[in-house]
Amino acid sequence: MPTISMTVNNKTVTGEVEARTLLVQFIREHLGLTGTHVGCDTSQCGACVVHVNGRSLKSCTMLAVQAEGAEVTTIEGLAVDGELHPMQAAFKEHHGLQCGFCTPGMVMSAIDLLKRHPDPSEETIRAELEGNFCRCTGYHNIVKAVKAAAGGTGS
Amino acid sequence: MAETGIGAAVRRKEDYRFLTGRGRYTDDISRPGQVYAYFLRSPHAHATLNGINTDAARNSPGVVAIYTGGDPEADGVGGLICGWVITDKSGEKAKVPPRPLLARDTVHYVGDHVAVVIAETLAQAKDAAELIEVDYEELAACIGTAKALDPDAPLVHAEAPGNLCFDWEVGDEAATDAAFAKAHHVTKLSLVNNRLIPNAIEPRAAIGEYDPGSDSFTLYVTSQNPHVARIIISAFHNVAPEHKLRVVAPDIGGAFGSKLPVYAEEVVCVWASKKVGRPVKWTADRSESFLADVHGRDHVTEAELALEENGKFLGLRAHTIANMGAYLSTIATGTPTWLHGLLFAGQYTTPAIYVNVKGVFTHTSPVDLYRGAGRPEATFVVERLVEIAAREMGIDPVEIRRRNLIPPDAFPYQTPVVVTYDSGDYAAVLDKALEMADYAGFEARQQQAERRGKLRGIGLSNYIEACGIAPSKVAGAIGFALGLWESAQVRFNPTGNVTVFTGSHSQGQGHETAFAQIVSDRLGVPIENVEIVHGDTDRVLFGMGTYGSRSLAVGGSAIVKAMDKVIAKGKKIAAHTLESSEGDVEFEAGTFKIAGTDKSVSIADVAFAAYVPHNYPLEKLEPGLDENAFYDPGNFTFPAGCHICEVEVDPETGVVDIVNWVAVDDFGKVINPMIVEGQVHGGVTQGVGQALLEGCVHDQDTGQLLTGSYMDYTMPRADDVPSFKVGFIETPCPHNPLGVKGCGEAGAIAAPAALINAITDAIGVDHLDMPATPEKVWRAIQQAGTAPAA
């Protein structure tokens with residue numbers, strides 16, 4: 001079995017995995033970081049989004065071995081010393097989550113969205129989040145949260 | 001207190017763990033030594049099982065055990081049950097065919113359970129399952145709700161001749177016929193209420209674990225009602241007696257009804273854990289969720305509305321065929337009957353109503369409850385009929401509704417279909433919605449849209465809901481196997497904080513916050529000192545769970561009852577401490593006071609005295625401050641509302657753009673408006689999904705599920721819905737101590753009719769079946785010839 005090594009949430013990790021192991025399986029099952037979720041088997045739902053080398057990525061679309069040497073950030077790596085990342089705080093303030101299952105992927109996608117569109121319009125936010133399903137919130141408060149986290153005018 | 005009490009938009013206590021990846025869902029749990037289950041499922045909708053050869057699979061690496069049909073029975077483990085068996089119009093019980101955990105001689109739908117492979121890893125279990133040889137003899141399948149009763153339809157179960165599960169009715173047929181005989185106008189409508197697949201984003205999962213030391217079992221499971229699962233698995237599956245079975249339902253990633261039933265997979269995991277001597281874990285992949293979670297809706301309906309010349313409703317008649325799928329799920333026969341037929345009065349004074357529902361078996365996944373469960377189907381029929389009648393008679397759709405609304409002074413209002421509505425002010429709701437939607441300005445907006453080449457339409461939906469089926473004796477009389485109360489335990493800890501145990505179980509509804517608000521408000525304890533515990537049969541006294549928008553009205557009321565007992569006992573303790581008589585003690589904002597004096601003691605000090613009873617009336621009072629309550633409501637609650645939707649349709653493409661959505665709802669007293677608004681947003685979006693996007697499609701010959709993945713089944717995405725405008729009218733429920741009704745399902749009930757009314761208004765047709773896909777809308781426009789001239 002291949003041995004892999006990468007940085008996850010600023011810590012170097014190594015593991016032995018079957019070649020067919022997906023990155024999300026490595027994160028959940030080998031590292032015990034269960035905040036990254038699996039909601040489908042066709043890379044549609046986005047519950048498994050993490051950051052790989054600074055970009056958001058569905059961790060079910062990538063083999064663990066492909067992440068060799070990569071810098072990975074999961075939802076567990078966002079809050080610093082118990083203080084929520086501004087995107088996490090905005091989701092809480094604006095009730096952008098209900099059951100919480102899609103939330104980690106949604107937050108990771110939203111952070112990447114703001115990197116690329118620092119002051120997004122509602123239309124941009126909705127278009128950019130089309131790869132993340134939420135069955136609870138109707139997206140209304142997620143859009144509000146992302147807008148608030150951007151802090152801009154969103155025009 | 002006000003900023004965290006009843007009515008405040010308190011930010012949720014549970015969010016920190018969800019936002020930081022510390023939520024604990026069933027699949028996040030791993031038990032030492034666990035093995036993995038994988039279910040081999042039928043690829044055929046209907047086939048005889050002539051034999052199963054597992055020899056090669058058993059020798060596959062990592063395989064621990066393989067079980068097939070007959071193995072559970074050999075251990076005395078019974079099949080799945082239907083817990084709500086209705087009596088039909090002939091006085092006969094609905095037909096309940098046997099449903100083994102693993103198919104025995106016949107498979108009845110694509111996805112039916114044929115074998116379970118248990119292996120060291122999931123990948124090994126899947127690899128081994130591929131080596132199982134099953135000798136299927138394919139048979140003709142009965143697919144399609146409308147065709148199930150045809151004389152030549154393939155038979156699903158010998159127990160149900162003609163595929164008829166039940167033929168149920170409610171209302172006065174003769175009175176309704178008489179109303180139609182004297183009608184000035186009759187509006188007729190044939191419609192299909194499309195089958196949906198619930199699609200909670202967390203797939204179902206289960207871990208069964210056996211402890212030989214205590215001869216007891218634990219089941220971790222994605223369940224909306226862990227205590228009910230425990231009763232069923234104990235009493236009907238005989239896996240373990242109730243006191244030897246713990247069911248833990250941790251954080252639940254959405255459910256919408258789909259996690260209420262007890263399913264084969266979870267029973268197999270807990271049964272097999274003793275056989276293999278190790279914890280057995282199963283998690284559905286999404287493809288399995290599509291096949292093996294219960295589906296929802298799936299009605300074919302013929303309905304008629306009889307009207308006087310002035311638009312007053314005289315009578316309503318509906319005949320529905322409801323698809324049960326291949327087997328009866330846990331409450332399957334109640335969903336299209338009692339939860340459906342009792343809502344046909346809507347918000348109106350229609351004096352005569354008759355509803356007939358025939359439940360049919362088909363070779364498809366079992367159909368049970370999905371957000372709204374029967375009530376969206378009823379509202380869709382009523383609000384479509386009303387809309388079409390208004391157009392046919394040349395009466396404004398608002399005006400025709402107004403002429404027929406139940407007036408506010410008519411409550412409690414006895415409908416012609418059994419139920420008595422508790423409270424409401426439907427005209428006030430309608431007025432507020434019209435104002436928020438700027439209904440008066442619609443024509444100008446429509447003309448403006450026309451100049452841009454768009455067809456603009458507006459649609460209303462006046463929905464009625466029934467939450468918290470009650471009381472238990474009524475539930476029993478209509479065939480429900482259990483009671484429908486809720487329990488609560490309110491425990492002061494010696495240091496003054498409070499632990500509340502509730503039988504309700506959140507799947508995202510924010511109980512840990514809303515219930516804590518109620519407790520904080522009533523007991524005068526800071527909200528951060530209140531902890532809500534749910535989802536564990538070893539910690540919570542008992543519970544009926546969360547479904548049917550019952551948690552606040554029933555579970556919340558149980559908490560209030562338990563708090564009342566805490567306060568009553570606290571008064572006795574305070575009277576002793578303050579050397580006064582109990583009758584003089586008043587309780588307010590966390591303090592017991594003696595009226596007209598400055599003597600007082602805080603409830604925290606009273607709690608301490610109760611656990612450290614050095615100065616305490618031990619001769620007449622037990623120590624401790626910890627009270628239980630069970631609450632069995634006197635009636636359902638009946639939330640109602642008006643949703644108004646405005647759409648623009650592109651006549652070139654048939655694409656529907658929702659440009660405005662107003663929801664005005666009467667949920668009684670609102671505890672946390674932020675959470676309630678969120679429930680509305682989510683419910684409406686699922687309703688929009690039904691009306692525009694979602695539809696479960698089977699191949700009509702083979703029964704293959706053609707919409708079996710997110711590549712094929714269209715889920716609502718962020719860019720399919722608008723931001724919503726939500727308003728409330730509060731008419732308190734008169735029969736529960738909080739005055740609350742229920743809000744979880746309302747949006748999904750209201751939305752489909754509002755949207756289809758708006759689209760048909762825009763394109764000038766009577767009706768469109770859901771989902772109104774661009775292709776369907778475009779074809780309807782071509783047929784109607786309503787596209788603006790190019």
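Considering the range B:656-694 alone, what residues qualify as being at negative phi and small (Gly, Ala, Ser)? Even if it seems obvious, please write down each step before you answer.
The first filter runs over the range B:656-694 and keeps only residues at negative phi, leaving B:656-667, B:669-694.
B:Ala663, B:Gly678, B:Gly682, B:Gly683, B:Gly687, B:Gly689, B:Ala691, listed by residue number.
Give me the pairs: first residue in the range A:136-148 and more than 7 Å from chain B (Cβ to nearest Cβ) and at positive phi, second residue assigned to a helix (DSSP H, G or I) and hydrophobic (A, V, I, L, M, F, W, C), beta-carbon distance under 8 Å, and six or more apart or on different chains, which are they?
none
Just to check your reading of the model, which residue among B:Ala470, B:Ala516 is at pLDDT below 95 and over 28 Å from B:Lys244 (Cα atoms)?
Details: B:Ala516 fails: at pLDDT below 95.
Exactly one of B:Ala470, B:Ala516 is at pLDDT below 95 and over 28 Å from B:Lys244 (Cα atoms), namely B:Ala470.
If B:Asp28 satisfies every condition in (1) away from chain A (no Cβ under 14 Å); (2) under 25 Å from the mean Cα position of the chain (by Cα) but one, which is the exception?
(1)
Limited to the range A:1-35, what total is found for residues that are away from chain B (no Cβ under 14 Å), touching a residue at least 40 places away in the same chain (Cβ under 8 Å) and either out of contact with any strand residue (DSSP E or B) (no Cβ under 8 Å at 6 or more places or on another chain) or in a loop (DSSP other than H, G, I, E, B) (or both)? I'd like the intermediate steps shown before the answer.
Step one: list which residues in the range A:1-35 are away from chain B (no Cβ under 14 Å), which gives A:2-7, A:10-15, A:23.
Imposing the further condition that a residue be touching a residue at least 40 places away in the same chain (Cβ under 8 Å) reduces the set to A:2, A:4-7, A:10, A:15, A:23.
Okay, now just the ones that are also either out of contact with any strand residue (DSSP E or B) (no Cβ under 8 Å at 6 or more places or on another chain) or in a loop (DSSP other than H, G, I, E, B) (or both), so A:2, A:10.
The number of residues fulfilling the criteria is 2.
For the range A:130-139, which positions are in contact with a Gly (Cβ under 8 Å, 6 or more places away or on another chain) and either in a helix (DSSP H, G or I) or of a type in the set (Phe, Trp, Tyr) (or both)?
Matches in the range A:130-139: A:Gly131, A:Phe133.
In the range A:36-67, which residues are within 12 Å of another protein chain (Cβ to nearest Cβ), of a type in the set (Val, Ile, Thr) and not in a strand (DSSP E or B)?
A:Thr36, A:Val38, A:Thr42
Tell me yes or no: at least one residue of the range B:248-259 is touching a residue at least 40 places away in the same chain (Cβ under 8 Å) and among the charged types (D, E, K, R).
To start, the set of residues in the range B:248-259 that are touching a residue at least 40 places away in the same chain (Cβ under 8 Å) comprises B:248-259.
Of the ones still in play, those that are also among the charged types (D, E, K, R) are B:251, B:259.
Yes, the range B:248-259 contains a residue that is touching a residue at least 40 places away in the same chain (Cβ under 8 Å) and among the charged types (D, E, K, R).
Condition check ((1) modelled with pLDDT of 95 or more; (2) surrounded by 19 or more Cβ atoms within 10 Å (Cβ to Cβ)) across all residues:
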{"site": "A:Asp81", "(1), (2)": "no, no"}
{"site": "A:Pro86", "(1), (2)": "yes, no"}
{"site": "A:Ala89", "(1), (2)": "yes, no"}
{"site": "A:His94", "(1), (2)": "yes, yes"}
{"site": "A:Ser121", "(1), (2)": "yes, no"}
{"site": "A:Arg126", "(1), (2)": "yes, yes"}
{"site": "A:Phe133", "(1), (2)": "yes, yes"}
{"site": "A:Thr137", "(1), (2)": "yes, yes"}
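Taking the range B:181-226 only, how many residues are touching a helix residue (DSSP H, G or I) at 6+ places or on another chain (Cβ under 9 Å) and farther than 20 Å from B:Ser289 by Cα?
Qualifying residue count, the range B:181-226: 17.
Okay, residues lined up against (1) surrounded by fewer than 23 Cβ atoms within 10 Å (Cβ to Cβ); (2) closer than 29 Å to B:Pro752 by Cβ:
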residue: B:Ala178; (1), (2): yes, no
residue: B:Lys188; (1), (2): yes, yes
residue: B:Asn194; (1), (2): yes, yes
residue: B:Glu202; (1), (2): no, yes
residue: B:Gly213; (1), (2): yes, no
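Right, B:Pro72: within 14 Å of chain A (Cβ to nearest Cβ), at negative phi and either part of a helix (DSSP H, G or I) or in contact with a strand residue (DSSP E or B) (Cβ under 9 Å, 6 or more places away or on another chain) (or both) or not? Step through it out loud before you land on a result.
Values: within 14 Å of chain A (Cβ to nearest Cβ): no; at negative phi: yes; either part of a helix (DSSP H, G or I) or in contact with a strand residue (DSSP E or B) (Cβ under 9 Å, 6 or more places away or on another chain) (or both): yes.
The answer is no for B:Pro72.
So if I check each of B:Asp15, B:Asp55, which one is without any contact (Cβ under 8 Å) to a residue 12 or more places away in the chain and within 30 Å of B:Gly739 (Cβ to Cβ)? Break it down stepwise before answering.
Numbers: B:Asp55 fails: within 30 Å of B:Gly739 (Cβ to Cβ).
Just a single option satisfies the conditions, and that option is B:Asp15.
Scanning the range B:492-513 for residues that are closer than 21 Å to B:Phe542 by Cβ and within 14 Å of another protein chain (Cβ to nearest Cβ), which turns out surrounded by the fewest Cβ atoms within 10 Å (Cβ to Cβ)? Step through it out loud before you land on a result.
In the first step, residues of the range B:492-513 are kept if they are closer than 21 Å to B:Phe542 by Cβ; the result is B:492, B:498-507, B:509, B:511-512.
Of the ones still in play, those that are also within 14 Å of another protein chain (Cβ to nearest Cβ) are B:505-507, B:509, B:511-512.
Working: B:His505: 28, B:Ser506: 26, B:Gln507: 31, B:Gln509: 27, B:His511: 26, B:Glu512: 20.
In this case the residue turns out to be B:Glu512.
Filter the range B:282-303 for residues that are under 22 Å from B:Gly208 (Cα atoms) and among the acidic types (Asp, Glu) and give the result.
Passing the criteria: B:Asp285, B:Glu288, B:Asp293.
The values are calculated or read from the model by the stated rules, or taken from the named source; none is laboratory data. Computed from a prediction, not measured in an experiment: that's the story for all the values here. In this analysis, Cβ positions are derived from the backbone assuming ideal geometry, glycine residues included, and neighbour counts consider all displayed protein chains.
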